[in-house]
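The values are calculated or read from the model by the stated rules, or taken from the named source; none is laboratory data. These figures come from a predicted structure and were not determined experimentally. Every residue, glycine among them, receives a Cβ derived from its backbone with ideal geometry; neighbour counts consider all protein chains shown. Surface accessibility is based on the protein's heavy atoms, side chains included, excluding ligands, DNA and RNA. Shrake-Rupley method; radii C 1.70, N 1.55, O 1.52, S 1.80 Å.
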Amino acid sequence: VDGRPADARSNDPRNKGLTYDPSVACAVLHFACTDSHALWRKYAILGDFPNACVARTVEHQPDTFHCLCRDTLARAINNATGENQENKKEAGRDAMAALFRSAVLVDDPDLIRRHLRAGVLERVDLIDF
């Protein structure tokens, strides 16, 4: 259907047209997250968004990576010492860099090779804009 395999499955019930399967244990980022600064910028722009959004038609589940990013940044900013905005920015950038390293970055050469062979990771050397 629409270029998707007939057996396409998703662990997100909002994905209409796909078979809902809660055993699918993956998440796909819908934007290119190439570094921790890009991750920080996205959530600095989004701010402390509510779980219910898009005119209350979408409810973000609190245990998703999207909400984890929001909460990590908000917590870092709230816990930053002093009222200096640069301190808050730096605390936010540091927190998002730590989250990026622990949840997004793959830096184990053997794991990278296995993922490339399995087709779940692709190396992109140049992106045209």
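Before we move on, is Asp7 assigned to a loop (DSSP other than H, G, I, E, B), farther than 15 Å from Phe100 by Cα and at pLDDT 65 or above?
So Asp7 does not fit the description; no.
Could you say which residue among Arg75, Arg70 is at pLDDT 90 or above, in contact with a helix residue (DSSP H, G or I) (Cβ under 9 Å, 6 or more places away or on another chain), open to solvent by 80 Å² or more (accessible area, probe 1.4 Å) and of a type outside the set (Val, Ile, Thr)?
Arg75
Please go through segment 24-63 and pick out each residue that is over 20 Å from Asp94 (Cα atoms), modelled with pLDDT of 70 or more and open to solvent by 50 Å² or more (accessible area, probe 1.4 Å).
Residues satisfying the conditions are Pro50, Glu59, Gln61, Pro62, Asp63.
Got a number for residues in segment 72-120 being outside any helix (DSSP H, G or I) and farther than 19 Å from Leu39 by Cβ?
Adding up the residues that qualify gives 7.
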